[in-house]
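Notes to accompany the following structure.
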Amino acid sequence: MAPIHPKRRWSRRFALVGVLLTAFLVFAIPRLGEELPPPATDRQPSRVATVAIFGATGRVGEGMLTAALRDSAVTRIQVITRRSSPAIDRGVAGGKVQLIRHADFLDYAPLDSMLAETDVIFWAIGTSTLNVDSAEYTRIHIDFPLALLRRWVAVRGREAPLVFHYVSGAGASLDAWARWAREKARADRDLAAFAEGAGVTVISYRPAGVVPVEGNDGFNLRFRLTNAIFLPTKISIEANSVGEAMLEVTARGGVANGRILGHRELIRLAAGYRRVAVRDRCCS
């Protein structure tokens with residue numbers, strides 16, 4: 001028998017490692033998503049009747065928009081953005097989305113009329129540290145949402161029960177070596193600190209890997225192959241599931257200011273949301 005060529009031997013070893021790694025991811029890691037959140041004692045879908053979304057053209061933001069469009073309890077979605085997208089255009093055509101074009105995310109005075117009648121805001125504006133310098137990254141992730149909170153409270157008053165859902169990120173920590181992780185943690189802290197006593201509840205969401213909504217330009221073969229491994233094990237979460245978790249948190253109410261929801265909690269909340277949605281469809 002002819003000896004196996006060294007290169008072929010190594011390729012077989014790599015293939016075996018790949019098979020074993022895949023098996024580990026699928027079978028050895030605890031399967032999340034089968035757990036459900038505790039039963040809600042005061043769940044009121046009317047709390048999500050009107051929502052405002054900032055950042056609906058990004059991966060997570062489009063998922064939030066998709067979830068809100070699918071929710072029959074959401075009757076109006078106000079999308080504040082510099083530019084539109086196919087998903088936003090479909091929402092506008094369907095009559096559920098009100099598109100508000102806005103360019104200066106440090107000056108929200110032009111949005112006063114919208115803010116005066118808004119109780120719930122979903123915030124997903126963000127970018128990678130690879131796209132901007134350090135100062136601009138801080139402006140986008142801390143200064144932009146903090147300026148919005150200040151204007152919102154000024155318009156609505158300190159007694160209004162406002163809820164601000166902020167997309168942070170898994171691994172965010174003030175002691176992290178990565179700048180993005182430190183800045184996200186600073187945003188979580190500073191937004192909650194401002195909201196304390198101001199009539200606002202800030203809730204931070206820290207998803208790990210986020211899969212775009214199918215149909216997004218980025219949903220290509222590379223994503224499909226990656227998702228085949230990561231979605232079954234819940235290492236990643238679908239973008240619309242982040243939106244579903246936000247809708248569930250809003251409907252439940254009673255969340256303390258400064259609450260940080262990790263990846264596993266998002267999956268559980270989204271599962272709870274879908275359970276209620278299925279039950280409502282069956283019983284309506």
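Throughout, read-outs are computed from the coordinates displayed, never taken from laboratory work. What you see is a predicted model; the values in this text were computed from it and never measured. Note that we place each Cβ from the backbone using ideal geometry, even for glycine, and neighbour counts take in every protein chain shown.
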What shape does segment 30-135 take by its C-alpha gyration tensor, where a ≥ b ≥ c are the square roots of the eigenvalues and a/c under 1.5 counts as rounded, a/b above b/c as prolate, and the rest as oblate?
oblate
For segment 92-158, what's the relative contact order in percent, using C-alpha pairs closer than 8 Å and at least 6 residues apart?
46 percent
With each pseudo-label sitting 7 Å past Cα toward Cβ, what's the R83-A154 distance in nm, one decimal?
3.0 nm
For segment 148-220: span of alpha carbons on each principal axis (Å, largest first):
46, 35, 15
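Go through 89-101, 121-133 and give me the packing order, highest mean Cβ count within 10 Å leading.
My ranking of the peptides, most packed first, is 121-133, 89-101.
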Cα gyration tensor shape of segment 77-212, rounded if a/c is under 1.5, else prolate or oblate by comparing a/b with b/c:
oblate
If you average 1/r across every pair of different Cα atoms in segment 120-165 and take the reciprocal, what Kirkwood value do you get, in Å?
11.8 Å
Taking each pair of different alpha-carbon atoms in segment 45-102 once, compute 1/r for the pair, average those values, and report the inverse of that mean as the Kirkwood hydrodynamic radius in Å to one decimal.
11.0 Å
